[in-house]
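> Encoded as structure tokens, here's the structure I'll be asking about.
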Amino acid sequence: MVKPLGDPNCPHCSGAGYIRYDVPLGHEKFGKLETCICRAKDVAEAARERLFVMSNLNRLSHLTFENFSPSGNDKAKFMSNQERENLHKAFDASEAFAKKPEGWLLLEGGYGCGKTHLAAAIANFAVNKGIATLFITVPDLLDSLRFAYADPETTFEERFEEIRNAGLLILDDFGTQNATAWAQEKLFQIINYRYINKLPTVITTNLMLDEIEGRIRSRLQDESFVNYLKITAPDYRRPEETSNPGISMLSLPEMKVMTFKTFQPRDDEVGTEAVTTITTEKKDKFGNKYKDKEVTRIKITKDDVKTLHDAHNAAVEFAEKPEGWLVFLGQSFSGKTHLATAIGNYRMGLGGQALLVEVTALLDYLRQTFRPNSDVSFDRRFHEIRTTPLLILDDLKESGAGSAWAEDKLYSVLNYRYNAHLPTVLTSTLHPEAFALSYPNLWNKLLDPTKCQVLNINMPPYRRVTKGSKKKK
């Protein structure tokens, strides 16, 4: 005897498990079989099981809130207090969402920052509560839809409905999918359906919002419905690296000792002579201009030392409250980099973020994204640099020293930061006149005293004192 699909005592289907509505020809339900309500529990359980299998959560069952470290990897060398607080915030938001899955949660961050662990922890928590949950990477989701065309046990329509109506949908690695027209359209249909019907959804991505397709981005920017969190923590799997791997010089031993306490004001050098190099512009016998360097001796005056004091005082004030721009001009080893580094070290000591980098190294860092094996796009890296909380650019060289591409990108970074009112420190060996000639547009911005301070350190290089010897007086 065949076991009935439904409840034999059901007044609607009498155990058949399906019902057909008595409606006139032309009605949308005419001739269609629908699952009877007496099977609702079994159908829901089967749907939960299918979603669980599709999610492959068995291999992610170890990713829970209990074993997530909201303080990051204890072995992380360069994780700031601000990054730890940011990770704590993402952890708290994810845990709150798991307990009460309402609205959407968008987690953005680089590789290894913890976003997938948090998303999987939400999924495992929800499954244990009996919520029909689908945790899936976007490429796997699209593959699942494609395979449904040839699956004898289901149809594409059934698979599509199951996915977009999942009690909780968690899309991991959004943006890594093959962006064909079909894929984009199906993805949009799923997201738009869940957005319109206010179905709880979690999305993780390493893309910036600007990189996401416009229709989807528009929905993700709904602040009343989407909780958008950007995780800035460094890669948990590579604790030896910074969030900008290898680029910030603040972690180098030589830079760590450059603080305001170790800065030498050089008052004792007033009245002494020092050897310095002066660059002058000359003409050859054909009238062509060229630059010549001359070694000369100068006597250091109180006014010269005062320029160093003024720069020091401005640096201390800026470090306490980084606002606007601070520019140090002066010859090599006159104290510019020490003061700029001291600002960065001071902010890092307070738990803030600061990025100190030579201009040439910054441009090389951007170029690396064009390598075939690069795991990050130029747009993302460019965005990270130009929006970093405090950018300290060391040794801005004369225009023409680099390529037109390099100068264009450098100006784009600086122009954005100026217009966005982001605190920035520049150092350069260029004299004010040379700076104005090399970067006229930037120089005109720097002349605004309400936003910028330009300090020219008129001092010769610091004297190098070997260990065991005394500094000459």
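Rule-based calculations on the coordinates, nothing more; no lab input. The model shown is predicted, which means the values in this text are computed figures rather than measured ones. With ideal geometry, Cβ positions are generated from the backbone for all residues, glycine too; neighbour counts draw on all protein chains shown.
> So what is the orientation-averaged projected area of the stretch 43-231, using the convex hull of its C-alpha atoms, in nm²?
Its average projected convex-hull area is 11.1 nm².
> Moving to a separate point now. Hey, got the dipole for the stretch 43-231? About the Cα centre, +1 on K and R Cβ, -1 on D and E Cβ, debye to the nearest 20?
The dipole of the stretch 43-231 has a size of about 340 debye.
> Something else about it: Taking the Cα centre of the stretch 249-457 as origin, work out the dipole magnitude from +1 charges on Lys and Arg Cβ and -1 charges on Asp and Glu Cβ, in debye rounded to 20.
300
> Each residue of the stretch 162-168 in order: what ³J(HN,Hα) in whole Hz does its phi give by Karplus 6.51 cos²θ - 1.76 cosθ + 1.60, θ = phi - 60°, with x for Gly and Pro?
4, 5, 6, 9, 4, x, 9
> Could you tell me the center-to-center distance, by alpha carbons, between the stretch 114-190 and the stretch 311-383 in angstrom?
Rounded to whole Å, the Cα centres lie 41 Å apart.
> Separate question: Run the simple label-point estimate for N165 and Q264 please: 7 Å along Cα→C-beta, distance reported in nm.
Distance between the two pseudo-spin positions: 7.8 nm.
> Amide H to amide H, which residues 5 or more places from L430 or on other chains are under 5 Å from it, using H placed in the peptide plane?
G330
> For the stretch 125-182, how big is the tail of P(r) above 14 Å, as a whole percent of Cα pairs?
60
> Based on the mean of other Cβ atoms within 10 Å per residue, sort peptides 389-400, 152-163 so the most packed one is first.
Order by mean packing, descending: 389-400, 152-163.
> Here's a follow-up. From the Cα gyration tensor of the stretch 249-457, with a ≥ b ≥ c the square roots of its eigenvalues, which class applies: rounded if a/c is under 1.5, or else prolate if a/b is larger than b/c, or else oblate?
Judged from the Cα gyration tensor, the stretch 249-457 comes out oblate (a/c at least 1.5, b/c at or above a/b).
> What FRET efficiency comes out for the pair Y411/K299, r = Cβ-Cβ distance, R0 = 25 Å, nearest 0.05?
The formula returns an efficiency of 0.05 here.
> Provide the packing ranking of 184-196, 121-133, 360-372, i.e. peptides ordered by the mean count of other C-beta atoms within 10 Å per residue, highest first.
The packing order, highest mean first, is 121-133, 184-196, 360-372.
> In nm, give the distance between the simple-model label positions of A361 and F225, each being 7 Å from the Cα along the Cα-to-Cβ direction.
Roughly 4.6 nm, to one decimal.
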